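Step one of this worksheet: look at the structure below.
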Amino acid sequence: DTVSDDGAGASSSTIRRKRSMAIHAAVRGNAPKRIIELLINACPRSLKCVDDEGMIPLRLELEKAAAAKRGGEKKVNDDMVQLLLGATTYPEGIISFGDESSSSVLATEGAADGQQRVPELYKLIKQKDWNKVMNRVTTHPEEAQVWVQKLSSSSSLLWRHLPIHAALILKPPHFVIEALLTVYIDSVRCVDNKNLLPLRIALNNFGPDSEIVAILVDALEDPESISMEDTQGRTLLTNYDTSPTDLYQLIEEQDWMEVVKYLEMFGEEASTWVMRKHKDGTLRWRVLPLHAAINYGCPGFVVKALLDAYPEAIACVNSHGLTPFELARQLNAGRDVIGVLREAELTES
């Protein structure tokens with residue numbers, strides 16, 4: 001189970017310095033690969049356990065590699081990283097094209113008539129138009145699940161991968177990877193035709209101490225922590241099924257006084273979009289908290305609080321192309337709601 005390092009002859013008042021599972025100690029101590037394999041087989045869940053420093057075993061190994069790199073020493077221990085990386089996909093496991101848990105949509109670059117065309121998201125990634133990639137991910141999340149392949153003139157496979165693999169090869173900004181993971185979190189466990197996971201590609205292209213590597217480890221360790229952020233670290237979009245915001249959950253509960261109290265402390269969440277997908281990956285809906293509150297029949301004072309926190313929301317359209325005012329009229333919202341929205345629209349214009 002866990003081991004601790006208190007120091008020889010430590011008194012009862014001594015502060016415990018480290019507490020970890022056996023696999024953490026083995027990784028720290030550069031144990032042979034065979035020992036690590038035995039520990040993984042004995043307790044696979046330990047790969048998702050953090051020590052007192054908040055590290056899972058894979059992150060520990062990468063921290064060691066980053067420190068060695070900074071000191072000009074040996075690069076990443078490929079065998080150990082590969083072992084820990086594969087094991088950290090527990091309990092769901094690695095996904096390959098054609099697996100039951102994988103998307104079966106396959107597009108071919110340079111496709112002939114009648115074949116599945118390469119999605120627009122993939123084209124934008126190849127063009128390295130990262131701002132348009134972000135917009136496309138938000139409006140067409142299903143395209144993040146489309147496998148793309150290229151065949152030779154003799155129809156043999158040259159490569160096959162997902163948009164996240166393609167993006168990592170082209171060294172995108174970190175927020176692009178966050179966006180792709182937000183709409184398709186399982187892609188972090190998908191291997192391309194060379195059997196490479198996204199994290200393996202990121203290590204090759206960015207090194208163990210990069211922000212993108214840290215994001216991919218986060219996605220393996222705690223999928224619910226992943227959301228789309230801007231360059232200032234503000235959350236732009238979250239996936240309802242993995243990481244709905246606290247504000248959105250309060251709106252769902254229709255606890256309107258608590259919604260207003262929450263906005264007084266965390267008003268920035270009023271600008272965070274929440275999306276949900278159908279089982280096939282297509283967009284089911286995408287809303288701001290203001291749209292959601294109107295959907296749930298909130299009173300006018302909640303609309304005002306949401307607009308005070310994020311005035312720009314009055315002009316934002318949901319996934320059905322409706323502004324908050326248009327949505328409220330469609331739902332026959334109360335006069336108080338219509339009145340607040342009409343006044344906000346007049347102010348905006």
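The values are calculated or read from the model by the stated rules, or taken from the named source; none is laboratory data. No experiment lies behind these values; they were computed from the predicted model shown. Quick reminder, even Gly has a Cβ in these numbers, built from the backbone with ideal geometry, and neighbours come from all protein chains shown. To get the accessible areas, we keep the full protein, side chains included, count just its heavy atoms, and leave off ligands, DNA and RNA. Shrake-Rupley method; radii C 1.70, N 1.55, O 1.52, S 1.80 Å.
Rundown of residues vs (1) among the small types (Gly, Ala, Ser); (2) assigned to a helix (DSSP H, G or I); (3) within 27 Å of Glu143 (Cβ to Cβ), yes/no style:
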position	(1), (2), (3)
Arg284	no, no, yes
His291	no, yes, yes
Gly297	yes, no, no
Val302	no, yes, no
Ala305	yes, yes, no
Val317	no, no, yes
His320	no, no, yes
Phe325	no, yes, no
For this session: Take segment 179-195 and flag every residue that is in a helix (DSSP H, G or I) and among the β-branched types (Val, Ile, Thr).
Result: Thr182, Val183, Ile185, Val188
Problem set entry | Qualifying residues in segment 155-171 (those that are buried (at least 24 other Cβ atoms within 10 Å of the Cβ) and not aliphatic (A, V, I, L, M)) - the one nearest to Leu203 (Cα to Cα) | His165
For this session: All but one of (1) hydrophobic (A, V, I, L, M, F, W, C); (2) surrounded by fewer than 20 Cβ atoms within 10 Å (Cβ to Cβ); (3) at pLDDT below 90; (4) touching a strand residue (DSSP E or B) at 6+ places or on another chain (Cβ under 7 Å) hold for Phe97, so report the exception by its number.
Result: (3)
Problem set entry | Leu250 touching a residue at least 60 places away in the same chain (Cβ under 8 Å), surrounded by 14 or more Cβ atoms within 10 Å (Cβ to Cβ), in a helix (DSSP H, G or I) and not basic (Lys, Arg) | no
Seminar exercise, completed: In segment 300-344, anything among the acidic types (Asp, Glu), surrounded by 14 or more Cβ atoms within 10 Å (Cβ to Cβ) and farther than 17 Å from Ala270 by Cα is listed as Glu326, Asp336
Exercise. Among Ala66, Ala87, which is over 20 Å from Ile164 (Cβ atoms), out of contact with any Cys (no Cβ under 9 Å at 6 or more places or on another chain) and buried (at least 19 other Cβ atoms within 10 Å of the Cβ)?
Worked result: Ala87
Problem set entry | Close pairs from segment 31-52: first surrounded by 15 or more Cβ atoms within 10 Å (Cβ to Cβ), partner in a loop (DSSP other than H, G, I, E, B), Cβ under 8 Å, at least 6 apart | Leu47/Ile56; Leu47/Thr88; Leu47/Tyr90; Lys48/Ile56; Lys48/Thr88; Lys48/Tyr90; Cys49/Ile56; Val50/Ile56
For this session: Of the conditions (1) of a type in the set (Asp, Glu); (2) under 23 Å from Val188 (Cα atoms); (3) under 25 Å from the mean Cα position of the chain (by Cα); (4) open to solvent by 70 Å² or more (accessible area, probe 1.4 Å), Asp79 clears all except one; give me its number.
Result: (3)
Problem set entry | Residue list for segment 173-226, filter: of a type in the set (Gly, Ala, Ser) and surrounded by fewer than 21 Cβ atoms within 10 Å (Cβ to Cβ) | Gly207, Ser210, Ala214, Ser225
Problem set entry | Boolean, Tyr240 is under 16 Å from the mean Cα position of the chain (by Cα), open to solvent by 10 Å² or more (accessible area, probe 1.4 Å) and either touching a residue at least 40 places away in the same chain (Cβ under 8 Å) or under 23 Å from Ala313 (Cβ atoms) (or both) | yes
